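Following: one structure in structure tokens, then a few remarks.
The values are calculated or read from the model by the stated rules, or taken from the named source; none is laboratory data. Bear in mind that the values here come from a model prediction, so they are computed numbers and not experimental data. Cβ placement follows ideal geometry from the backbone for every residue including glycine, while neighbour counts extend to all protein chains displayed.
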Amino acid sequence: MKEGNDDEIWELRLYVAGQTPKSVQAFANLKKICEEYLAGKYRIEVVDLLDNPQLAQGDQILAVPTLVRKLPPPLKKIIGDLSNTERVLVGLDVRRV
Amino acid sequence: MLSGKERTYVEHRLEKAPTGIRGFDEITQGGLPKGRTALVTGGPGTGKTMFAMEFLVKGATEFGEPGVFVSFEETADELIANSASLGLSLPELCDANLLYMDYVRVERSEIEESGEYDLEGLFIRLSHAINTVGARRLVLDTIETLFSGLSNVSILRAELRRLFRWLKDKNISTIVTGERGAESLTREGLEEYVSDCVILLDHRVTDQVSTRRLRVLKYRGSEHGTNEYPFLISDRGFMVLPITSVKLDYAVGEERVSSGIPRLDAMLGGKGFYRGSLILVSGTAGTGKTTVAASFADAACRRGEKTMYFAFEESAQQVVRNMRSIGLDLEQWTGKGILKIVGQRPTIHGLEHHLMSMQFMIDDFRPTTVVVDPVTNLSQVGSLRDVRLMLSRLVDYLKARNITILFTSLTQGGTDAELTDVGISSLADSWMKLQNLEAGGERNRGISILKSRGMSHSNQVREFLLTDQGIDLVDTYTGPEGVLAGSARVAREDDERAQEAALRLEIERLEEDRKKRRALLEDQITRLRSEYESAEKELEGRIRLEKLKMETIFRKRKEMGTSRKAET
């Protein structure tokens with residue numbers, strides 16, 4: 001399992017642009033990884049840029065889907081449908097035991 | 001043979017989005033393609049961002065087209081600071097909803113890629129920005145940065161293609177900037193996506209003098225100048241010098257303007273130079289070129305015409321002081337704002353820069369007379385060919401505005417004065433040569449007219465005197481030893497004066513003689529007349545007496561006959 005403080009909360013935000021196959025898949029992949037590595041310690045917020053276009057500027061969103069790790073710091077970004085679990089773990093800085 | 005069928009020429013005028021950049025719209029006949037994407041490329045520091053920013057600012061302020069600036073390299077604050085140095089106030093425009101700035105940060109180290117993605121996020125941001133201000137113009141500066149931030153090139157390329165199509169559909173006039181690569185126009189081959197219009201900016205340093213140049217490499221569906229055009233980035237913005245758009249078709253007037261030297265006007269058919277012509281005054285050092293130029297400027301000011309005087313050898317104050325010594329008060333004109341003297345060392349700029357800054361100054365001041373003293377000093381910053389090219393451009397520019405131009409040209413001593421001007425004598429409409437007349441151990445100044453198109457002019461060399469009352473021209477004398485001037489002329493003048501005095505004396509004497517003779521003869525006539533009159537009286541008396549005698553005899557005889565009662 002992962003190491004680190006047990007009370008640490010992973011605040012993740014997934015930026016998508018509408019219900020595209022990529023965004024659907026990204027969310028599914030993310031959910032699966034979180035359940036496996038961060039069970040009970042994460043929060044996922046999905047932001048649809050079609051509804052809130054002004055939010056793209058703040059987090060410097062360019063590509064979709066983009067996963068942003070808001071917490072713990074520092075801010076991390078992973079783009080893509082998150083199909084490559086290995087890259088997601090590296091990107092989120094989740095170390096496996 | 002005529003084919004019978006004339007070739008019909010249907011004009012499909014491409015709509016243009018004027019950039020408002022001085023000179024650029026002239027080259028491209030109206031600006032960038034409206035509703036399409038133009039690529040502006042060039043090496044680092046060539047002014048791509050400033051060009052693009054000017055396009056947006058002018059669009060917003062002059063053409064009612066709000067714009068969006070998407071920067072991939074500089075933050076909004078940096079852009080605001082950089083643009084301020086060009087005299088652009090971006091925050092005001094942003095507040096007025098005429099400009100929207102978005103800084104897109106792409107940092108590879110911060111981004112992990114996992115699986116498929118697209119750039120819909122960028123599209124959404126663009127869309128949001130465009131809708132916020134109702135933008136008609138867009139700048140992407142420089143979108144190539146994406147290639148360094150994202151590793152999946154095939155996605156990137158596909159998305160860029162989609163982006164440009166999307167922009168075209170939205171009918172947004174767009175500038176995409178690109179950094180010039182070693183072998184290609186842009187590092188990532190943006191020109192592949194943007195095919196409507198490609199502008200290349202360049203910044204070169206030759207002989208330690210930097211020159212910026214702009215070239216329209218491609219402009220689909222539009223005519224455009226194909227040359228390299230010099231441009232300036234100054235506190236007054238981005239300015240391009242359209243050099244070859246000028247044709248030899250300026251209006252030519254008959255109006256004449258005084259040279260400021262009455263005797264010189266007399267030599268020029270009595271009326272001076274043509275307005276809007278180029279006057280060249282050449283001569284070796286110290287022959288009085290500046291004086292002739294200043295007199296000309298002074299005469300123009302006296303007529304109330306605005307005059308611009310570019311002094312490449314002296315400061316403005318120096319020109320004013322030196323001219324005061326010959327009785328020309330230029331300060332009164334500068335004080336009234338009729339005369340502007342610009343003193344500049346030629347070496348401070350490259351030729352193109354000079355040309356441009358001169359043109360812009362002229363545009364702002366709007367003079368009817370321009371003096372450049374001396375043009376030959378420009379050869380310090382350029383080859384003879386370049387100087388000549390630049391001057392001919394300046395002349396075209398000025399003539400097109402019917403501005404009368406006077407150039408002075410320094411001829412190096414020891415060479416043929418008529419060959420060594422910077423090759424501009426052929427451009428000149430009137431060419432005056434000032435020369436030193438060296439004879440009898442002294443130097444005197446001479447002036448002659450080598451040519452003056454379209455007017456009869458004197459072919460004489462006149463001596464040219466600088467007095468504290470200004471310039472005076474006097475006749476020279478041609479003797480067996482050549483042209484006489486100075487004391488030789490004075491001696492000759494003395495001779496002539498003596499001769500003249502002698503002749504005058506002789507005439508006076510003859511006149512006197514004539515009077516005396518006349519009086520004498522008239523006396524005689526009077527005497528003869530009175531002699532004649534007295535003789536006539538005497539004779540008349542005698543005749544009367546004789547007649548009386550005859551009558552008496554006749555009467556006595558008749559009385560005698562009656563008394564004798566004789567029959568008759």
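Taking the criterion of being surrounded by 17 or more Cβ atoms within 10 Å (Cβ to Cβ) and within 43 Å of the chain's Cα centre (by Cα), would at least one residue in the range B:112-130 satisfy it? Taking every residue of the range B:112-130 in turn, none turns out to be surrounded by 17 or more Cβ atoms within 10 Å (Cβ to Cβ) and within 43 Å of the chain's Cα centre (by Cα).
Of the residues B:THR61, B:THR75, the single one that is surrounded by fewer than 17 Cβ atoms within 10 Å (Cβ to Cβ) and of a type in the set (Val, Ile, Thr) is B:THR75. Scanning the range B:83-99 for any residue that is part of a helix (DSSP H, G or I), facing another protein chain (nearest Cβ under 10 Å) and out of contact with any helix residue (DSSP H, G or I) (no Cβ under 8 Å at 6 or more places or on another chain) turns up nothing. Could you check, for the range A:13-35, whether at least one of its residues is within 23 Å of B:ALA158 (Cβ to Cβ), part of a strand (DSSP E or B) and not hydrophobic (A, V, I, L, M, F, W, C)? The answer is yes; a qualifying residue exists.
Quick check, is B:ILE341 among the β-branched types (Val, Ile, Thr), modelled with pLDDT of 90 or more and surrounded by 15 or more Cβ atoms within 10 Å (Cβ to Cβ)? In short, yes. Tallying residues that are hydrophobic (A, V, I, L, M, F, W, C) and more than 10 Å from chain A (Cβ to nearest Cβ) within the range B:100-143 yields 8. At pLDDT 85 or above, in a strand (DSSP E or B), surrounded by fewer than 24 Cβ atoms within 10 Å (Cβ to Cβ) and touching a helix residue (DSSP H, G or I) at 6+ places or on another chain (Cβ under 9 Å), is that true of B:LYS218? Against the criterion (at pLDDT 85 or above, in a strand (DSSP E or B), surrounded by fewer than 24 Cβ atoms within 10 Å (Cβ to Cβ) and touching a helix residue (DSSP H, G or I) at 6+ places or on another chain (Cβ under 9 Å)), B:LYS218 qualifies.
One residue stands out among those in the range B:96-111 that are of a type in the set (D, E, K, R) and within 52 Å of the chain's Cα centre (by Cα): the one that is nearest to A:ASP51 (Cα to Cα), which is B:ASP102. Going through the range B:317-332 one residue at a time, which ones are part of a helix (DSSP H, G or I), aliphatic (A, V, I, L, M) and closer than 14 Å to B:GLN469 by Cα? Correct list: B:MET323 only. Listed by first and then second residue, the pairs with beta-carbon distance under 6 Å, at least 6 apart or on different chains, first residue in the range B:388-413 and small (Gly, Ala, Ser) and modelled with pLDDT under 90, second assigned to a helix (DSSP H, G or I) and buried (at least 22 other Cβ atoms within 10 Å of the Cβ), are B:SER409/B:VAL375; B:SER409/B:THR376.
Residue by residue, here is whether (1) under 18 Å from B:LEU122 (Cα atoms); (2) within 31 Å of the chain's Cα centre (by Cα); (3) outside the structural domain of B:GLY47 (by TED's automatic domain parsing) holds:
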{"position": "B:VAL153", "(1), (2), (3)": "yes, no, no"}
{"position": "B:GLU183", "(1), (2), (3)": "no, no, no"}
{"position": "B:SER195", "(1), (2), (3)": "no, no, no"}
{"position": "B:HIS203", "(1), (2), (3)": "no, yes, no"}
{"position": "B:ARG212", "(1), (2), (3)": "no, yes, no"}
